[in-house]
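Each remark here refers to the structure printed beneath this line.
The values are calculated or read from the model by the stated rules, or taken from the named source; none is laboratory data. Because the structure is predicted, anything quoted here is derived from the model rather than measured. When the accessible area is computed, the model is the full protein with side chains, heavy atoms only, and any ligands, DNA or RNA have been set aside. Shrake-Rupley method; radii C 1.70, N 1.55, O 1.52, S 1.80 Å.
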Amino acid sequence: FLFSQNFFLKFSNMKKGSSISAILLVTTLVILLGELLVVESVICDIAELQPCTDAIIKSQPPSPACCTKLIEQLPCICGYIEDPKLKPYIKFTPQAKKVFETCGVHLPKC
(Lines give C-alpha, C1' and ligand atoms only; values in the text may rest on other atoms or scores of the structure.)
Protein backbone atom coordinates (compact mmCIF):
# COMPACT_ATOMS: atom_id res chain seq x y z
CA PHE A 1 0.00 0.00 0.00
CA LEU A 2 1.34 3.36 -0.95
CA PHE A 3 -0.01 6.44 0.76
CA SER A 4 0.56 9.97 -0.41
CA GLN A 5 2.26 12.59 1.71
CA ASN A 6 -1.12 14.37 2.02
CA PHE A 7 -2.57 11.30 3.72
CA PHE A 8 0.08 11.40 6.42
CA LEU A 9 -0.28 15.19 6.87
CA LYS A 10 -4.03 14.85 7.35
CA PHE A 11 -3.45 11.87 9.61
CA SER A 12 -1.00 13.77 11.82
CA ASN A 13 -3.28 16.86 12.04
CA MET A 14 -6.27 14.91 13.38
CA LYS A 15 -7.76 15.85 16.71
CA LYS A 16 -7.33 13.46 19.61
CA GLY A 17 -10.97 12.36 19.32
CA SER A 18 -10.22 11.17 15.83
CA SER A 19 -7.14 9.22 16.87
CA ILE A 20 -9.25 6.25 17.94
CA SER A 21 -10.81 6.16 14.48
CA ALA A 22 -7.38 6.39 12.92
CA ILE A 23 -6.08 3.54 15.07
CA LEU A 24 -9.07 1.41 14.07
CA LEU A 25 -8.48 2.22 10.41
CA VAL A 26 -4.81 1.29 10.57
CA THR A 27 -5.58 -1.89 12.53
CA THR A 28 -8.19 -2.90 9.97
CA LEU A 29 -5.75 -2.30 7.11
CA VAL A 30 -3.10 -4.42 8.84
CA ILE A 31 -5.57 -7.27 9.42
CA LEU A 32 -6.81 -7.18 5.83
CA LEU A 33 -3.28 -7.10 4.45
CA GLY A 34 -2.35 -10.04 6.68
CA GLU A 35 -5.31 -12.06 5.42
CA LEU A 36 -4.40 -11.30 1.81
CA LEU A 37 -0.86 -12.50 2.39
CA VAL A 38 -2.12 -15.74 3.92
CA VAL A 39 -4.42 -16.41 0.96
CA GLU A 40 -1.65 -15.64 -1.53
CA SER A 41 0.74 -18.05 0.16
CA VAL A 42 -1.46 -21.12 -0.44
CA ILE A 43 -0.06 -23.47 -3.05
CA CYS A 44 -2.96 -25.22 -4.74
CA ASP A 45 -2.05 -28.88 -5.02
CA ILE A 46 -4.76 -31.54 -4.88
CA ALA A 47 -2.19 -33.94 -3.40
CA GLU A 48 -2.29 -31.82 -0.23
CA LEU A 49 -5.73 -33.30 0.47
CA GLN A 50 -4.37 -36.85 0.59
CA PRO A 51 -4.83 -37.05 4.40
CA CYS A 52 -8.61 -36.85 3.76
CA THR A 53 -8.74 -39.88 1.46
CA ASP A 54 -9.66 -42.45 4.11
CA ALA A 55 -12.25 -40.13 5.64
CA ILE A 56 -14.00 -39.70 2.30
CA ILE A 57 -13.60 -43.15 0.77
CA LYS A 58 -13.76 -45.37 3.85
CA SER A 59 -16.13 -43.18 5.89
CA GLN A 60 -13.59 -42.88 8.69
CA PRO A 61 -13.60 -39.78 10.89
CA PRO A 62 -11.30 -37.11 9.46
CA SER A 63 -7.92 -36.84 11.14
CA PRO A 64 -6.60 -33.54 12.49
CA ALA A 65 -4.17 -33.54 9.53
CA CYS A 66 -7.11 -33.86 7.13
CA CYS A 67 -8.94 -30.92 8.71
CA THR A 68 -5.79 -28.80 8.69
CA LYS A 69 -5.17 -29.50 5.01
CA LEU A 70 -8.83 -28.95 4.15
CA ILE A 71 -8.72 -25.52 5.78
CA GLU A 72 -5.41 -24.67 4.07
CA GLN A 73 -6.68 -25.75 0.65
CA LEU A 74 -10.12 -24.12 0.95
CA PRO A 75 -9.18 -21.19 -1.33
CA CYS A 76 -8.29 -23.78 -3.99
CA ILE A 77 -11.43 -25.96 -3.91
CA CYS A 78 -13.30 -24.04 -6.64
CA GLY A 79 -10.22 -24.18 -8.85
CA TYR A 80 -10.09 -27.95 -8.40
CA ILE A 81 -13.77 -28.25 -9.33
CA GLU A 82 -13.31 -26.09 -12.43
CA ASP A 83 -10.19 -27.96 -13.63
CA PRO A 84 -11.34 -30.30 -16.43
CA LYS A 85 -8.68 -32.86 -15.44
CA LEU A 86 -9.84 -33.02 -11.82
CA LYS A 87 -13.58 -32.44 -12.20
CA PRO A 88 -14.44 -36.15 -12.78
CA TYR A 89 -12.74 -37.04 -9.48
CA ILE A 90 -14.15 -34.28 -7.32
CA LYS A 91 -17.64 -35.09 -6.21
CA PHE A 92 -19.25 -33.74 -3.10
CA THR A 93 -20.71 -37.00 -1.91
CA PRO A 94 -22.58 -37.10 1.40
CA GLN A 95 -19.40 -38.45 3.02
CA ALA A 96 -17.26 -35.64 1.58
CA LYS A 97 -19.80 -33.12 2.85
CA LYS A 98 -19.64 -34.79 6.26
CA VAL A 99 -15.84 -34.40 6.30
CA PHE A 100 -16.21 -30.69 5.62
CA GLU A 101 -18.85 -30.44 8.36
CA THR A 102 -16.82 -32.43 10.90
CA CYS A 103 -13.79 -30.22 10.24
CA GLY A 104 -15.95 -27.11 10.68
CA VAL A 105 -15.36 -25.97 7.11
CA HIS A 106 -18.15 -24.57 4.98
CA LEU A 107 -18.30 -25.93 1.45
CA PRO A 108 -17.57 -23.06 -0.91
CA LYS A 109 -20.17 -21.99 -3.46
CA CYS A 110 -18.39 -21.95 -6.79
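Remark: the range 35-110 carries 71 Å² of accessible area per residue (probe radius 1.4 Å; ligands, DNA and RNA excluded).
Here the Karplus curve 6.51 cos²θ - 1.76 cosθ + 1.60, taken at θ = phi - 60°, turns the phi angles of the range 88-97 into couplings of x, 9, 9, 10, 8, 5, x, 5, 5, 5 Hz, with x standing for Gly and Pro. Give K69/K97; K58/K87; K58/K91 a once-over and call out the pairs whose C-alpha atoms are over 18 Å from each other. Violating the 18 Å Cα-Cα cut-off are K58/K87. Across the range 67-76, rounded Karplus estimates of 3J(HN,Hα) from the backbone phi angles (6.51 cos²θ - 1.76 cosθ + 1.60, θ = phi - 60°) give 4, 4, 5, 4, 5, 4, 8, 3, x, 9 Hz, Gly and Pro being marked x.
Close amide-amide hydrogen proximity is noted between C44 and no other residue 5 or more places distant or on a separate chain, at a cut-off under 5 Å (H modeled in the peptide plane; Pro and chain starts excluded).
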